[in-house]
Amino acid sequence: MRGMLLVARRELAAYLNSYWGYAVIAAVLVIDGLLFNAFALGNQPKYSSKVIEEFFYFSFGTTVIASILLTMRLVAEERQTGTIVLIDSSPLGAWQLIGGKYLSAMVVLATMVLATMYMPALVFVNGKVSYGHIFAGYTGLLLVAASVAAIGTFASAISRSQLVAGFVSVVITVAFLVMWLLAKVAEPPLVDVFSYFSLFDRHYRGFMRGQINVDDVVFYLSICFVFLMLASRFMAGRRWR
Amino acid sequence: MIEVQGLTRYYGSFPAVRDASFKIEDREIVGFLGLNGAGKSTMLRVLAGLQMPSAGTVRVGGIDATLAPDALRRRIGFLPEDPPLYREMRVAEFLRWVGQVKGCTRAEVEAELPKVMETCQLTDTANAVIGELSHGYRKRVGIAQAIIHKPSVVILDEPISGLDPRQIVEMRKVVRALKSFATVLISSHILSEIAQTVDRILVIHRGRIVAEGTEAQLSGSLGDGARLAVVVRGKLGACEELLGKSELVDGYELTANGELVDIAVTLRGDKREAFVKELVDAGLGVRQIQDSMGELEQIFLELTRAAGAPAALESKQLRTPQGRESHDPKEADA
């Protein structure tokens, strides 16, 4: 655990010392704000819960993109600059490296996601919306961020450059996103499989509406576990290749 | 003690290191000498625990690299050719972080930090941002990160590459200082550097250890005699007549230099005293005698030739500084 925290601490400092983290967070906040104003609020009268639902709908996209952008450098950059040797020649285990990197990315992503809270707060003050709806929405957003960050961490672990890592992340994430399209044309039992793996359609809509379903939470946590484990196994196996 | 037995390391189907076996005692400075691509870096990376052996065993202080890799890495400090540094960090901050990552407590790192900074001559740059340091200083920070956790073995891959002459001299001092508390392994293809820094040399060629020992031992293992650079006062013709008929001489080169004659000579066996006596008996005034400047280069060429290297390649890459032709038939072959 100590090793993981050491890696996370340095990685966080790297985010704070570079423009990249600030730029991604600023871009997400600007885009979220514009989308909130233009579409979620819109010009037509709406129920507060509908505004909140649409806010979480738009925030899903920006959170996914930010997760990819913030994780693609995690391990690939160390490999590009040669600093991966520092980790490789230390007694740190692969899971400590991956866990530490992932933890730091999650701190930044959580900060970014929670920084959008002023928008639901405006609706809460001026309209009528429950705490539970906002809590469920943010739980969903954080779970999505955690899942895509795990995919990004895996992509970064297996890639030699940040660009390749970003591309691999996009391919895997988009594959999960379009599963619902495959589910529409597939025959049983594949329809259930494709439907289950749909990152947005099957598992996120409930959070948007203020519902927290255990199977959705388990799905997102499973994605995190599988991709972090794959990343960790890949890093550990490098010594033997 | 480092014990390597039958070490082999494959990259795919290519054996970068083949069946290497050797022992290194504590507090020795040992140089790995070889051409580019000979397998030096792979050997060091396996010894440092960065890569696992494909076959064979590596033990450092009794710890097996395959069975207990984490314990092994705690005892080893490693500096690759390009120092692995986080350029945005400050020197002391970076060393504190590395020390903790390598298993030391914060208190242990704080106790060790001033000594390490002094050993690596970094005291004045403790708060400097690493990215703003010169290449020489970054190399020193690289060595500092390798020793901050008090390892018993320090492995330096090409530590002087890219340094200017003054930095090389300073780096030698730093490397020698490491010997006071650790075994030091250095790789280099710069022969003169190896000769000046290490206690013992392991010659690696095409992944195999083809020879090991001190420079003198390696020279002796060739079965040849000494190679000497001699300056005498006398006539060129007299020198030529003497060397031509001498049974001690295997090959020679003469250069007239005013009243003096420069002789580069290879003896049959280490018969330096008898050779000097021959010179004196022939009426030649011996002004200076020393081991040939290119001796280590010669040793290396002989050893790698014996191991089956392409002679033209070796001759090109390891040509002696003088670049002269020789009457030595073995040199002529190269």
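The values are calculated or read from the model by the stated rules, or taken from the named source; none is laboratory data. Remember, predicted model here, so these are calculated numbers, not experimental data. All Cβ positions, even for glycine, are placed from backbone atoms using ideal geometry, and neighbour counts span all protein chains on display. Just the protein is used for accessible areas: all its heavy atoms, side chains included, with ligands, DNA and RNA removed. Shrake-Rupley method; radii C 1.70, N 1.55, O 1.52, S 1.80 Å.
Quick look at the numbers
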{"read-out": "Candidate set from segment A:1-13 (those that are crowded, with 20+ Cβ neighbours inside 10 Å and among the hydrophobic types (A, V, I, L, M, F, W, C)); member that is nearest to the other protein chains (Cβ to nearest Cβ)", "value": "A:VAL7"}
{"read-out": "Residues located in segment A:207-224, provided they are among the hydrophobic types (A, V, I, L, M, F, W, C) and free of Cβ contacts under 8 Å to residues at least 12 places away in the same chain", "value": "A:VAL214, A:VAL218"}
{"read-out": "Test: residue in segment A:39-62 that is surrounded by fewer than 16 Cβ atoms within 10 Å (Cβ to Cβ) and of a type in the set (Phe, Trp, Tyr)", "value": "yes"}
{"read-out": "Criterion (at pLDDT 85 or above and more than 17 Å from the chain's Cα centre (by Cα)) met by exactly one of B:ILE130, B:ILE186", "value": "B:ILE130"}
{"read-out": "Of residues in segment B:75-113 being basic (Lys, Arg) and open to solvent by 20 Å² or more (accessible area, probe 1.4 Å), the one nearest to B:VAL58 (Cα to Cα)", "value": "B:ARG75"}
{"read-out": "Number of the condition not met by B:ILE168 [criteria: (1) at pLDDT below 80; (2) out of contact with any strand residue (DSSP E or B) (no Cβ under 9 Å at 6 or more places or on another chain)]", "value": "(1)"}
{"read-out": "Flag if B:THR8 is open to solvent by 10 Å² or more (accessible area, probe 1.4 Å), modelled with pLDDT of 90 or more and touching a Pro at 6+ places or on another chain (Cβ under 7 Å)", "value": "yes"}
{"read-out": "Close pairs (6 angstrom Cβ cut-off, 6 or more residues apart or separate chains): within 13 Å of chain B (Cβ to nearest Cβ) in segment A:91-103, small (Gly, Ala, Ser) and outside any loop (DSSP other than H, G, I, E, B) anywhere", "value": "A:LEU92/A:GLY3; A:ALA94/A:SER232; A:ALA94/A:ALA236; A:TRP95/A:SER232; A:GLN96/A:GLY3; A:GLY100/A:ALA8"}
{"read-out": "From B:GLU88, B:GLU170, B:GLU110, B:GLU93, residue being in a loop (DSSP other than H, G, I, E, B) and either under 21 Å from B:VAL30 (Cα atoms) or of a type in the set (Asp, Glu) (or both)", "value": "B:GLU88"}
{"read-out": "Residue count for segment B:176-193, restricted to those that are buried (at least 21 other Cβ atoms within 10 Å of the Cβ) and either assigned to a helix (DSSP H, G or I) or not assigned by TED's automatic domain parsing to the domain that holds B:GLU25 (or both)", "value": "3"}
{"read-out": "Selected residue [farther than 30 Å from B:PHE14 by Cβ and either assigned to a helix (DSSP H, G or I) or aliphatic (A, V, I, L, M) (or both)] from A:LEU163, A:LEU230, A:LEU199", "value": "A:LEU199"}
{"read-out": "Answer from B:GLY56, B:GLY37 - the residue that is modelled with pLDDT under 90 and either within 14 Å of chain A (Cβ to nearest Cβ) or under 21 Å from B:ILE204 (Cα atoms) (or both)", "value": "B:GLY37"}
{"read-out": "Residue in segment A:29-47 that is within 14 Å of chain B (Cβ to nearest Cβ) and outside any helix (DSSP H, G or I) present", "value": "no"}
{"read-out": "Verdict on A:SER232 being at pLDDT below 90 and in contact with a helix residue (DSSP H, G or I) (Cβ under 7 Å, 6 or more places away or on another chain)", "value": "no"}
{"read-out": "Any hit, segment B:125-139, residues being at negative phi, assigned by TED's automatic domain parsing to the domain that holds B:ARG176 and among the basic types (Lys, Arg)", "value": "yes"}
{"read-out": "Residue match in segment A:135-157 (condition: open to solvent by less than 30 Å² (accessible area, probe 1.4 Å) and assigned to a loop (DSSP other than H, G, I, E, B))", "value": "no"}
{"read-out": "Answer from B:PHE78, B:PHE32 - the residue that is facing chain A (nearest Cβ under 9 Å) and part of a strand (DSSP E or B)", "value": "B:PHE78"}
{"read-out": "Tally of residues being assigned to a helix (DSSP H, G or I) and either crowded, with 21+ Cβ neighbours inside 10 Å or in contact with a His (Cβ under 7 Å, 6 or more places away or on another chain) (or both) across segment A:88-118", "value": "16"}
{"read-out": "Hits in segment B:81-106 (condition: among the acidic types (Asp, Glu) and within 7 Å of chain A (Cβ to nearest Cβ))", "value": "B:ASP82, B:GLU88"}
{"read-out": "Matching residues in segment B:284-307 - criterion: being modelled with pLDDT of 75 or more and open to solvent by less than 60 Å² (accessible area, probe 1.4 Å)", "value": "B:LEU284, B:GLY285, B:VAL286"}
